[in-house]
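What follows is one structure encoded as structure tokens, with my remarks underneath.
The values are calculated or read from the model by the stated rules, or taken from the named source; none is laboratory data. If you're wondering where the values come from, they're calculated on a predicted model, not measured in any experiment. Every residue, glycine as well, gets a Cβ built from its backbone with ideal geometry; the counts of neighbours run over all protein chains shown.
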Amino acid sequence: MPKKTVRDLFEQTAQIAISYRDEVDQVSPYASATADTLRLAFDTGLPKQGRDGPAIIHQLAQAAGPGLLGVSGDAFYGWVMGGSHPVGVAADWLTSTWGQNAGIYQTAPAAAIAEEIAGKWLIDLLNLPPESSIGFTTGATMASFICLATARQDVLARHDWNLDANGMFGAPEVSVYLGEEAHSSIFAALRFLGFGQNRLKRIEAESDGCMSPEALQATVRNDNGPKIIISQAGHINSGAFDDFDAISKIAEASDAWLHIDGAFGLWARSVQSKRHLCKGAKRADSWAVDGHKWLQVPYDSGYAIIKDADAHRSAMAITASYLNQDPEDGPSPSHYVPELSRRARGFATWAVLQALGRDGVTALVDDNCRNAQHLAKALGKIPGVHLMNTVNLNQLAIAFATDGASERTGNAMTTSVIQSLQEDGRWFIKDAVWKGRTIMRLSFSSCASEAASIDALVEAIAATWMATQKTVAK
Ligand SMILES: Cc1ncc(COP(=O)(O)O)c(C=O)c1O
């Protein structure tokens, strides 16, 4: 492409990006298009001959626009999603512009060092063992996959089984313990690793969804072979934390590998006021945490952190004559993840960490938690609004039910409130099911969310709930 055409194309694209971010708070955070409308907009036929860049980018923006959610806007409370910090977005633009393949130092020296430095900062910020290694991943699912693949190899080696050489056939049975309310991505990671779902030892959950240490102890006591315990920092519905002090003691006494899924909750470790929630978490062997949730790195970004860097490399590294051979060749980011060719993920993380700084991360987590508590307090005053969790962090699980309503009626009422708020369209709100009850789950995990809009949200929820009761009463 001629240089001028490239320049025009990039300027046009920058303008589209700027307008999008300028306007994202003024439009509904919901997608307005259906899947069929989006198909029609995208499926304009594979052209026989290539088309001009500006026309393609214009068409892309037009086609995608009605199918975009306002994740980076100030009214997004769905799932647990970060708001893609503008500095991270800018760094991500450059990442694509530079087109580096961050497999090894030789293919991408700057990317390898950016990951090394950003990784060091992350481990420091999360107050994890400084000798830990880190793999930059697509998210917490892949981070847990990496940690658990490493755990699998390591605990088998402790029982004289060489997984690399012999694979899983005939291997000593690995006992895997996890809370019955572990996140679905953990069950997926275990499935990918060949741990059949029926073989997992699901440990009873306490009322906040956390794994009961007593039940864990009672189960572990019966087993002799290799063991992996999977614990959680930040339950998807309640935001609650497992008791890491108690669980790590059990892991240490039984020679088990302890992994913590801290997709969003592990960020509590970076904040003085919340650190107590994560007490004992440092004693684990591995941790999965997201960049694209609370740290606000643009999608996708996660980190697999493992205390034993040798075990991490041994489980993941790919070797060949033309790849880095020894430490003198420089760092190899791909030694800590399953991919060889890969995106230079460190640039965006490095940039966001600088944009926020330690104080910014603290303020972000503190603000989100304060806003969640403010909303919980206000909603708690409305009769018939039931908070299903203690709001210690950023998640709210809310059920709506009039006095004496059956669970079925309560669920219908909750669904009706959620649907009305979705039709209102000002806030992005989703449902979930927890303990058999339909809940409205709200997550405060974006740098864009504004305390000022919470009172309006409370008013809207109260009015919608009032209207729902009237409709049900008729
Ligand atoms: C506790 C927990 N673990 C794991 C995940 C999966 O993270 P990701 O979507 O980044 O793979 C999530 C996502 O919300 C989560 O809340």
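When segment 189-208 is limited to residues that are among the small types (Gly, Ala, Ser) and under 16 Å from Ser231 (Cβ atoms), the one that is surrounded by the fewest Cβ atoms within 10 Å (Cβ to Cβ) turns out to be Ala205.
Say whether the condition of being within 27 Å of Lys279 (Cα to Cα), away from the ligand (no atom under 16 Å from the Cβ) and in a helix (DSSP H, G or I) is met by at least one residue in segment 94-117.
Yes: segment 94-117 contains one or more residues that are within 27 Å of Lys279 (Cα to Cα), away from the ligand (no atom under 16 Å from the Cβ) and in a helix (DSSP H, G or I).
Taken as a whole, segment 159-173 holds no residue that is of a type outside the set (Lys, Arg), assigned by TED's automatic domain parsing to the domain that holds Leu266 and touching a strand residue (DSSP E or B) at 6+ places or on another chain (Cβ under 6 Å).
Taken together, the residues in segment 277-294 that are surrounded by 24 or more Cβ atoms within 10 Å (Cβ to Cβ) and over 10 Å from the mean Cα position of the chain (by Cα) amount to 6.
Remark: Gln153 matches the filter, which requires a residue to be polar (S, T, N, Q), modelled with pLDDT of 95 or more and touching a helix residue (DSSP H, G or I) at 6+ places or on another chain (Cβ under 8 Å). With respect to (1) more than 27 Å from the chain's Cα centre (by Cα); (2) at pLDDT 95 or above, the lone exception for Tyr77 is condition (1). With a requirement of 3 or more residues that are under 22 Å from the mean Cα position of the chain (by Cα), closer than 21 Å to Leu126 by Cβ and within 16 Å of the ligand (Cβ to nearest atom), the helices (runs of 4 or more DSSP H) lying completely within segment 178-263 that satisfy it span 184-192.
With respect to Ile418, determine if the residue is in contact with a strand residue (DSSP E or B) (Cβ under 6 Å, 6 or more places away or on another chain) and under 30 Å from Gln296 (Cα atoms). In short, yes. If you check every pair at least six apart or on different chains, which have Cβ atoms under 6 Å apart with a residue in segment 126-146 that is assigned to a strand (DSSP E or B) first and a residue that is within 8 Å of the ligand (Cβ to nearest atom) second? Partner pairs satisfying both residue conditions: Thr137/Ala143; Thr137/Gly302.
Residues in segment 265-301 that are part of a loop (DSSP other than H, G, I, E, B), away from the ligand (no atom under 14 Å from the Cβ) and either of a type outside the set (Gly, Ala, Ser) or over 25 Å from Gly346 (Cα atoms) (or both): Val271, Lys279, Gly280, Asp285.
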